[in-house]
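The values are calculated or read from the model by the stated rules, or taken from the named source; none is laboratory data. Here the structure is a predicted model, which is why all the values come from computation and not from measurement. Cβ: placed from backbone, ideal geometry, glycine included. Neighbour counts: every protein chain shown. Ligands, DNA and RNA are excluded from the accessible area calculation, which covers all protein heavy atoms including side chains. Shrake-Rupley method; radii C 1.70, N 1.55, O 1.52, S 1.80 Å.
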Amino acid sequence: DAGITQSPRHKVTETGTPVTLRCHQTENHRYMYWYRQDPGHGLRLIHYSYGVKDTDKGEVSDGYSVSRSKTEDFLLTLESATSSQTSVYFCAISGKSLPNTEAFFGQGTRLTVV
Amino acid sequence: DQQVKQNSPSLSVQEGRISILNCDYTNSMFDYFLWYKKYPAEGPTFLISISSIKDKNEDGRFTVFLNKSAKHLSLHIVPSQPGDSAVYFCAARMGGSEKLVFGKGTKLTVNP
């Protein structure tokens, strides 16, 4: 357990509603990431953060926004959920010590948009 | 445009035999490679890694080989155990970046 907590673990929401997923870490890692996992696509980076208030887009960022107001929290928001955003979302952290090695993942959030 | 490719969606081996999972990459700027294992309903967990300055790294039953000229790496598991049954993801990191690029994964099944 690398000290990462994702909430909620499961969520069903309706198309067009806003949804926020939370990632909380207790390890003081500098970098935080949001990935989504879909069959046939593996893990794809949505957004990442390299410090408080410092974020950047990943390869599948359309329809998502993020915020990081504290080192320990990284929020992923779907402003208006669509069925294509039904997925399993993973938060990851890295960068506590150098040289940086692996990223640690949370348990995932299963989101269903109906 | 996939930069990290795992061309075998699945692999089945007998317990006690060797499992070989393969990964190809296209970007020569990658300088660090990792393997993750993922069980259903859990997050990926780090397994083993290798720097681009090495060609082999071993940790117990797991060995990763890197062939830079061929832009190819492989994960060997010897001997394979039923508990190794999982999806294995290959990942790569570009020099100067903290982002990991993942392959699509290979589902390994080890039969008793």
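Summary of values
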| read-out | value |
| --- | --- |
| All-pairs Cα distance distribution in the protein assembly as shown, expressed in whole percent, bin size 5 Å | 1, 7, 15, 18, 19, 16, 12, 7, 3, 1, 0 |
| Reachable lysines from B:Lys68, criterion Cα separation under 16 angstrom, eight or more residues apart if same chain | B:Lys5, B:Lys54, B:Lys56 |
| For A:Ile46, net neighbour charge (Lys/Arg +1, Asp/Glu -1) across residues whose Cβ lies under 10 Å away | +1 |
| Lys/Arg +1, Asp/Glu -1 at C-beta; chain A dipole; positive extreme among A:Cys23, A:Ser94, A:Tyr48 | A:Cys23 |
| Largest to smallest principal axis extent of the C-alpha atoms in the range B:69-112, angstrom | 43, 22, 14 |
| Cα pair distances in chain B, grouped into 10 Å bins until the bin that holds the longest one, percent each | 15, 49, 30, 6, 0 |
| Other-chain or far-sequence residues with amide H under 5 Å of B:Ser85's (modelled H) | B:Val110 |
| For chain B, built as a Gaussian network whose Cα springs stay under 10 Å, the top-fluctuating residue of B:Ser80, B:Ser52, B:Ser97 | B:Ser97 |
| Partners for A:Lys70 among lysines (Cα-Cα distance below 26 Å; same-chain residues under 8 apart left out) | A:Lys11, A:Lys53, A:Lys57, A:Lys96, B:Lys99 |
| At 0.890 mPa s and 25 °C, Stokes diffusion of chain A via Kirkwood alpha-carbon radius, µm² per second | 175 |
| Delta accessible area of at least 20 Å² on complex formation, residues of the range B:11-50, 1.4 Å probe, chain isolated as reference | B:Tyr32, B:Tyr36, B:Lys38, B:Ala41, B:Glu42, B:Gly43, B:Pro44, B:Phe46 |
